1. Rounded to the nearest 10 degrees, what's the angle between the helix 51-84 long axis and the longest principal axis of the chain, both from Cα atoms, 0 to 90?
2. If you average the alpha carbon positions of segment 24-43 and of segment 271-289, how far apart do those two centres end up, in angstrom?
3. Which of Ala151, Ala99, Ala125 moves most in a GNM of the chain, Cα contacts under 10 Å?
4. Taking 8 Å as the Cα distance limit and 6 or more residues as the minimum spacing, I'd like the relative contact order of the chain as a percentage.
5. Work out how much length Thr149 to Trp135 would gain on full extension: take 0.36 nm times their residue separation and subtract the Cα-Cα distance, in nm to one decimal.
6. So which of Lys349/Lys375; Lys146/Lys355; Lys87/Lys178; Lys15/Lys65; Lys65/Lys355; Lys95/Lys184 end up more than 27 Å apart, counting from Cα to Cα?
7. Alpha carbon centre of segment 299-329 versus segment 56-115: separation in Å?
8. Using the alpha-carbon atoms, what tilt in degrees (0 to 90, nearest 10) does helix 96-126 show relative to the longest principal axis of the chain?
Amino acid sequence: MPLTNSRSAYGSVTKTFHWLIALFIIANLPLGLIANEMADAIRDPATQTDDAFISNTALLFSLHKTIGIAIFFVALVRILWAISQPKPALLNGDKPLEAYAAETVHWLLYGSLVIVPLSGWIHHAAVSGYAPIWWPFGQNLPFVPKDETVAHTFAGLHHLSKNVLIAALLLHVAGALKHHVIDKDATLRRMLPGHLSAVPTDRQPRHALPFAAATLIWALVLGGGTVQALMAPEQTTETAVSADATAETKPEAAPMAENGWRVTDGTLDITIRQMGSDTQGQFADWSADIVYDPETGTGQVDVTVTISSLTLGSVTDQAMGSDYFDASNHPKAEFSAEITKSDKSHLAKGTLTIKSRSTPIELPFSLRIDGDTAKAAGSVTVDRRNFGIGAENEENVGATVDIGFDLTATRG
């Protein structure tokens, strides 16, 4: 069988690309649908899921994403090959409406093979907390930031373009079966293994109209999907956040003691190891009562954190569940510590309480005071298992969690 196409037959390279991509799609569509159903079950508080269920969900997502990237690259090569080859003429060119419809579906399929996996890949690169792609270069993309708006937009585009792919695929299969069963021509058979050529009709439709129709459909889908995604309400991603920072939302606090400090700006973040990759999250609602004497280098700090204000990439909902933070039953975390000063740094030595479990913590931090303004930053590593968060094993989530803060405070 010849490698290249002719006017009446497909070559072996084109057939290999066709059936390889078909096999990938047949495997990958159910994987994605099943993984999404399992993810919905994990996010549903009424559904009981264990660590094994979460692990299996992540496995299916990783497999789905990896196959999707394979489809993307194979499709690019296939399209380049198709451009370099003559396309066998249609056997039904004397039926213009049917021929135009078939060509339009072909162009929709070509677009789907690129847009569906690429939109999914961009969504994956824009979000943190994910099941990883099993490619060494797959987790990030150039010029794609970790941004919830970008992730939200391309998640929507991935969903819409997937629907276009399914519709085009069903039409493509239906057309092939019609040729084979009703028309009884060689349209389907000449794409099967082996060499089979068929005599095309003298009349052949021009390709500009189907291409234009497919382009218009894609423009409507992508444009409408982008507008819909951008206009949809989103969860806030702001991270600044002392509960005392905004007078508009909080009543004015009573004057503090001479050595009392009020947080005016800052971030409180955590970093976990999720599926082999670092995932960073931030708490949007926390407050700190600080008393500190610069002359003695001693003081006291009491921090209260609203657990439900955490954003942790794509696993935020999962983190709120009963197996992890159990935010509905344990809405607050607290850290109470004494502040001491050494030659090089400061230390907050006290107790961290999460889910009613307390653990001693020593948090080193840097402090710079300029007049009545202080800037402090520090970090500490804790073991989540001490607080009953997650499973004992580290199959899905690493045991260690890095907690970091960076704040600005003014003397009361």
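Throughout, read-outs are computed from the coordinates displayed, never taken from laboratory work. This structure is a prediction, so every number in the text was calculated from the model and none was measured. Positions of Cβ are backbone-derived with ideal geometry, glycine not excepted, and every protein chain shown enters the neighbour counts.
1. For helix 51-84, the angle is close to 40 degrees.
2. 27
3. Per the Cα network of the chain with a 10 Å cutoff, Ala99 tops the list.
4. After rounding, I find 14 percent.
5. Values: separation 14, 0.36 × 14 = 5.04 nm, distance 2.49 nm.
Between Thr149 and Trp135, full extension yields an extra 2.5 nm.
6. Going by Cα-Cα distance, Lys146/Lys355; Lys65/Lys355 fall outside the 27 Å limit.
7. Taking the Cα centre of segment 56-115 as reference, the centre of segment 299-329 is 44 Å away.
8. Orientation of helix 96-126: about 20 degrees from the principal axis.
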